[in-house]
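Comments concern the structure below.
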Amino acid sequence: MAVLVLVSLALLTVYFRESQGGGLHSLQSTGASVLHPFEVAANRVAQPFRDAASWFGGLSTTRDENRKLKAENQKLKAKLYRYDDLLRENADLRRMLHYAGGATVPQDYSALPTSILVQPPGQFDQRVVVGVGRNDGVTPNSPVVSPTGDLVGVTTTVGANSANVKLITDETSFVSIVDAKTGAAGILRHNDPGSSIIMDNVPKSEVVNTGDPLVTAGWRTGTLTSIFPRGIPVGRPIGVNQTDIYPYKQIQVQPLVDFGSLQSVQVLVKNSASK
Amino acid sequence: MIDGLKAGAIVFVAAILEVSVFSDVRILGGMPDLLLVTVVAVALLRGSVTGACVGFFAGLVVDTATLETLGLSSLLLTLLGYWVGRYGETTGRDRTHAPFLSVAVVTFLYTLGALALRFVLDEPAPARHVLLETLFQGIGLNLLLTWPVYAVVRRLLPPRPLVTRGEGAPALG
């Protein structure tokens, strides 16, 4: 037993100290590739049961949800006409001003659709493993979005055929975001006492209203740029806290992605022309 | 040898199911841990050395599949496999409540151990969330898994006949 404990401690120490390209990381990546087919097979076997559970779970709420979605669809259709017009106008103005912005979605990125192979393995992590990796062009810090384009997280460790994705609900996740309506900027981060996420560091003078769309800020300072391009939808504010002892507003955020039922994602890989 | 391979195969299947299927299951905020229950079952039936070995192997498979810090799960599961194995070899053998008691205690200790280790390694360790919101549900779900998992593992790895002290020694005089 002592030998196994020592080996575990040695693995921990070496893994912790070496870089992403180190020997143990490479070995782990190879091991993950070997395990990949087993995970895919297990997922395929489990999928019908998951679908059945989801179908029965959804029965009770479907009718109400359908009515709400129809009403929302009508409103969105009307907004879309206006949006298309604004988009064209924005492109014209940018061209006239010779405006040079950062990378934008989806023009400067290719989306790699993939399934989630491994959900968070414990209650400690807000991370998942996806089925694309280095061989598909994925690098660490590639943004990850849902099938509908909403922000999910960012890749951390990348293996040959799989990658670990840190979700935006993870304790160590920080994302610069802005209120698309008012322009108020802040940091999206995990809320320490609970499992929710908040928009922090918003100056008290800024305005953030409940229900406003929050998107990634995609900042650029000299040669430094945010790993998230501007404009990826993140969530909506559901409550605003402001106290005298804290210099900023803290806004509770409802993410657009339902992380509990997320089965597939898209990893955004920068096109070589825009790098 | 065959026994060891069988134990390894059982734990490997449990590890794959844990990371691919069971990690997706959330009931009342808690998560069942099939792998932990399987390691406990194998350790109870095969003793401390096998318990430590399967614990190490299980941790290695999980850490590899999830691309998490290598060695973290191995360390905890090795210690817990050994401890449960010792319990099985001594006071726990043939007691009906042994698997349930072991699973409850091991789930609690594994959670505490993982929190402490992650805190030391500066990885996310949401103690309040884990201890107050998910731990007891997790223990309950693991206890629900215990009977079927223990029954399957017991069928695949039938208990060995107990060898009492002095048995098999040549008669003197």
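Every number in this text was worked out from the coordinates using simple rules, so none of it is lab data. Just so it is clear, the structure is predicted and the values come from calculations on it, not from any experiment. Because the Cβ atoms are built from the backbone with ideal geometry, glycine has one as well, and the counts that use them run over all protein chains shown.
Listing for the model above:
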| read-out | value |
| --- | --- |
| Neighbour net charge for residue A:44 - beta-carbon separation under 13 angstrom, K R +1, D E -1 | -1 |
| Segment A:163-263 - convex hull of the alpha-carbon atoms, volume per residue in Å³ | 123 |
| Within 10 Å of each Cβ in B:120-126, the average number of Cβ atoms from other chains | 5 |
| Largest-first ellipsoid semi-axes for the protein assembly as shown, taking √(5λ) over the Cα gyration tensor eigenvalues, angstrom | 48, 23, 21 |
| Average beta carbon contacts from partner chains per residue of B:76-85, 10 Å cutoff | 2 |
| Partner lysines for residue A:77 [C-alpha distance under 16 Å; skip if fewer than 8 residues away on the same chain] | A:68 |
| Size-normalised alpha-carbon gyration radius of segment B:1-123, reference 2.2 N^0.38 Å | 1.01 |
| Peptide ranges A:57-66, A:206-215 listed from the most packed, as the mean C-beta count within 10 angstrom indicates | A:206-215, A:57-66 |
| Whole-number percent relative contact order across segment B:1-104, with pairs defined as alpha carbons under 8 Å at least 6 apart | 27 |
| Student exercise, the protein assembly as shown dipole from Lys, Arg, Asp, Glu Cβ charges, in Debye to nearest 20 | 480 |
| FRET E, pair residue A:83, residue B:152, Förster distance 51 Å, beta-carbon r, rounded to 0.05 | 0.35 |
| Cα-centred dipole magnitude for segment B:2-156, charges only on beta-carbon of K, R (+1) and D, E (-1), debye, nearest 20 | 500 |
| Calculated on alpha-carbon atoms, Rg and Dmax of segment A:225-268 in Å | 14.7, 43 |
| Alpha-carbon Rg with Dmax, taken over segment A:117-194, Å | 13.7, 42 |
| Degrees between helix A:23-97 axis and first principal axis of chain A (Cα, 0 to 90, nearest 10) | 10 |
| Gyration tensor (Cα) of segment A:23-100, equivalent ellipsoid semi-axes in angstrom | 43, 32, 7 |
| Sequence of B:45, B:115 once ranked by neighbouring C-beta atoms within 10 Å, starting from the fewest | B:115, B:45 |
